[in-house]
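Everything on this sheet refers to the single structure shown next.
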Amino acid sequence: MNVGRMIDNAIAVVAPTHGARRMAARIGVEQIRGYDAAARNRKTKGWKRPSTSQNAENARAIRLLSASAADLFRNNKYAAAGLRHYVGAVWGDGIAPMVSHPDPVVQQLAQDDWDRWAESRVGDQVDWYGHGKLICRGMIGPGESLTQWSPGRDGEPDGTVVGLEGEYLDETRTEQSGDARIIQGVEFRNRQRSAYWLFDEHPGDVIFSTSCTSRRIDARHIDHVFEKLTHTQARGVSRFAPLMMTLRDIGDIEDSRRLQEKVASCVGMILQSQPGSEVSPLVNNAEAQTDNRPDIETITPGMILRPPAGVTAHSFTPAPSNEGTNFIRQQLAAVSANLVPYHVLTGDVSQANYSGLRASLLSLWGQLDDDQQNTIIPQLCQPALDRRMQLLATRTGDRRFLQVRATWALPVRRHADPVKDLMAELIEIRSGLKLISRSLAERGINADEHMREIKRMNDLIDTLGLALESDPRRVTKSGVLQAATGYLLPKGEGEAAAAD
């Protein structure tokens with residue numbers, strides 16, 4: 001009991017009316033200041049609200065969630081489509097660095113070295129961008145992926161990458177060992193990741209002949225990619241965790257609806273025997289029926305039944321049900337809010353309109369920005385570039401490569417209305433709100449190479465004396481020749497006309 005209530009009780013002894021007013025006022029204040037979600041009453045009865053950490057919850061659920069997600073991707077069409085489309089949007093054809101350095105020679109050497117390495121086979125059958133796709137798929141689906149760096153074919157460090165699923169981490173290894181704290185296979189020292197405890201083979205593989213004991217791998221050889229939900233989270237959890245039960249229920253409902261439609265397409269029959277036509281119980285039923293006579297208690301679509309003599313058939317048609325369609329659509333809309341737009345997840349555009357499509361894409365782009373800028377680039381792309389520049393500096397002895405910075409060319413984002421969207425972007429560029437290089441980077445294009453290619457093409461056009469409608473130097477947007485630039489006259493005459 002707090003001091004206020006003690007005073008109220010004391011006052012109530014000598015002045016009951018005044019004490020009652022004080023108690024009523026205090027109760028009213030407490031109700032106003034309280035949170036409904038923090039109350040313990042009939043509304044919150046049955047609401048489990050453990051105050052455990054994210055690591056504690058992951059320890060109990062991470063393996064089963066990963067297995068559940070894998071089963072959904074194999075057998076649930078909506079889960080498979082949502083994962084594939086989101087990975088295609090967030091990674092696409094790859095997130096590539098566009099390096100920069102004050103010295104253009106250093107910049108070009110660094111860019112060429114990265115491109116040559118990234119477009120070669122760096123892992124099992126894939127280049128760097130194929131490896132990144134699998135990493136993103138693991139981050140969104142099961143919840144995490146790891147990249148292990150090892151020496152290349154020529155013996156250089158960090159020349160080969162090996163992609164590992166989260167199951168390679170020894171989740172049973174959670175302990176305090178000296179100044180090291182191990183949480184589900186991730187070792188921390190001074191709150192920094194120092195090592196990973198990994199199996200040599202996947203624990204659930206068809207061949208797992210190696211020892212079940214995990215090995216300690218230094219953290220500098222591992223890039224662990226997952227979405228962090230809390231500051232101290234050690235491992236990732238599937239993005240589909242809140243959606244799994246809904247997706248399973250939708251699949252079960254669709255199975256029952258398909259069976260219902262099959263039954264509705266049949267014509268049911270009631271067979272009624274005429275008096276005196278009953279078969280004698282002394283006759284074997286199996287012998288009474290002919291070999292080619294169908295089971296009269298089972299009907300199939302398109303079935304034609306010839307009832308036996310003395311039996312009258314009365315038909316009835318089961319009425320199809322339209323219930324459930326709106327419910328399934330509503331549940332899929334809730335699923336799509338966590339993944340990709342509804343029309344992308346389902347392929348159903350019957351309920352779509354122009355404004356809705358644009359709004360859904362804007363929401364998707366916000367999710368992509370979050371994953372790309374806060375997870376994929378800092379956890380996967382930037383560490384890879386740093387390793388390559390470190391190797392290049394060691395190989396050449398030029399430490400300027402360690403000063404290389406990068407902007408990132410992201411996958412192209414599709415527009416619902418390209419004309420209007422491009423006009424809006426043009427206005428931003430013309431007003432100085434956006435750089436051309438930034439616009440090109442958002443389309444996955446290296447700005448320097450793109451501008452040099454434009455210069456080369458313009459020089460070729462001028463050499464051949466062409467006047468293309470797509471050339472803004474010669475033709476306006478409406479198709480009129482640009483007289484002010486001197487392109488109306490052949491070369492030489494235009495200069496003379498300008499001098500006059």
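Annotation: peptides 146-152, 38-44, ranked by per-residue average of other Cβ atoms within 10 Å with the highest first, follow the order 146-152, 38-44. A protection proxy built from the mean count of other Cβ atoms within 10 Å ranks the segments 344-356, 241-253, 57-69, 90-102, most packed first, as 90-102, 57-69, 241-253, 344-356.
Taken along the Cα-to-beta-carbon direction at a fixed 7 Å, the label points for Ser431 and Lys45 span 5.8 nm.
Measuring r between the beta carbons of Asp93 and Lys420 and using R0 = 30 Å, the FRET efficiency lands at 0.75. Note on Thr232 and Asp348: their simple-model spin labels are 4.4 nm apart, each label 7 Å out from Cα toward Cβ.
Count Lys and Arg as plus one, Asp and Glu as minus one, and take only other residues whose Cβ is under 15 Å from that of Gln373; the net charge is then -2. With the highest mean first, a sort of the peptides 393-401, 373-381 on other beta-carbon atoms found within 10 angstrom per residue produces 373-381, 393-401.
If you take the alpha carbon atoms of segment 1-113 and fit the smallest convex hull around them, that volume is 310 Å³ per residue. Between Phe327 and Leu402, the modelled label-to-label distance comes to 6.4 nm, taking each label 7 Å out from Cα in the direction of the beta carbon. Given their separation in residues at 0.36 nm each and the Cα-Cα distance between them, Asp124 and Thr160 gain 12.0 nm when the chain is fully extended.
For segment 180-242, the dipole from Cβ point charges (+1 on Lys and Arg, -1 on Asp and Glu) about the Cα centre works out to 420 debye, to the nearest 20.
Partners of Lys228 within straight-line reach, counting lysines whose Cα lies under 27 Å from its Cα and excluding those fewer than 8 residues away in the same chain: Lys48, Lys133. From least to most packed, judged by other beta carbons within 10 angstrom and beginning with the fewest, Met389, Met457 follow the order Met457, Met389. Listed from fewest to most Cβ neighbours within 10 Å, the set Met6, Met451 follows the order Met6, Met451.
Every number in this text was worked out from the coordinates using simple rules, so none of it is lab data. Nothing here was measured: the structure is a model prediction, and the numbers come from that model. Cβ: placed from backbone, ideal geometry, glycine included. Neighbour counts: every protein chain shown.
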